[in-house]
Amino acid sequence: MKHRKRKGIRFSAVYQAVLLLLMYVPIVVVIVYSFNVSKNTTVWGGWTLDWYQKMAKNRGLLEALKNSLILASLSSGAAGIIGTLGAVGMARIQWKSKGAIEYISTIPIMIPEIILGMVFMAFFAMLGLPFGMVTLVLGHTTFCVPYVFMMVKSSLVGIDRSLGEAAKDLGASERRAFFDITLPLIMPAVISGMLLAFAMSLDDVVISIFVTGARTNTLPIRIYTQLKSGVTPEINALCTIMLAVTFLLVVTSRLLGSRGRR
């Protein structure tokens, strides 16, 4: 019995090690090769910071990054408002078609992105909208809403409805009860959903290609278009900086969370 248990522990340790290697080795390779002297990403030529300097002077790359950050911020913000209000509204109604409506609300994340992108392109062209940041925001908001909706919907299940009813009995309006009782309770879910939506919008390539304009370029599209000619270490340098910023944000949130618990 003990022998089988030891085998199980060893297998679990090996499995976790392989999983961690598959997850983090590519990230480590990107970070290391951002300091590579050689432009060839398959040949190591020594250490340098030149690619970080060139990245800082690459206006096209920085413009694409700025567009992606603006797009992700607007899309996740709009999705946060729409998804939160939708989840709260669905929690309060008792229609027979409630289940069908909730299912329809999550369809955008189940449809293949290439199909969704083609639909957006045809729809925006039919409306006569100029392709650019506006169509990007509309398209990204549409597929980001379900992430916030599902997060908030799950959070609302564990909230005691009597809290809101008690606030109304004490004279609070529907609006006051929402902002003073419901919203603070679901805020962690709202923030989680918005962060997930931000990440999905920042990472999207397929839908963005279909709905972007000639003058609007995002970072994923720029990297994708460079694949044919070869990705330079400037991209690795930018990825390293973004990873460092993400790591600092995660560590800071953890530290602030631990202090708040104390």
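The values are calculated or read from the model by the stated rules, or taken from the named source; none is laboratory data. These numbers were taken from a predicted model, which means no experiment stands behind them. As a convention, Cβ positions derive from the backbone with ideal geometry for all residues, glycine included, and neighbour counts pool all protein chains shown. Each accessible area value is taken on the protein alone, full model and side chains, heavy atoms only, with ligands, DNA and RNA left out. Shrake-Rupley method; radii C 1.70, N 1.55, O 1.52, S 1.80 Å.
Residues are listed down the side, and each one gets a yes or a no for (1) at pLDDT 85 or above; (2) surrounded by 13 or more Cβ atoms within 10 Å (Cβ to Cβ); (3) over 30 Å from residue 92 (Cβ atoms):
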| position | (1), (2), (3) |
| --- | --- |
| 190 | yes, yes, no |
| 199 | yes, yes, no |
| 239 | yes, yes, yes |
| 246 | no, no, yes |
| 255 | no, no, yes |
| remark: Out of (1) at pLDDT below 90; (2) open to solvent by less than 40 Å² (accessible area, probe 1.4 Å); (3) among the small types (Gly, Ala, Ser), the one residue 173 does not meet is (2)
| For the range 153-170, what are the residues that are within 20 Å of residue 78 (Cβ to Cβ) and open to solvent by 70 Å² or more (accessible area, probe 1.4 Å)? | 153
| request: All but one of (1) modelled with pLDDT under 85; (2) open to solvent by 40 Å² or more (accessible area, probe 1.4 Å); (3) assigned to a helix (DSSP H, G or I); (4) not aliphatic (A, V, I, L, M) hold for residue 45, so report the exception by its number. | output: (3)
| message | Residues that are touching a residue at least 12 places away in the same chain (Cβ under 8 Å) and closer than 21 Å to residue 105 by Cβ: list the helices (runs of 4 or more DSSP H) wholly contained in the range 125-208 that include at least 1 such residues. | response | 133-157, 183-203
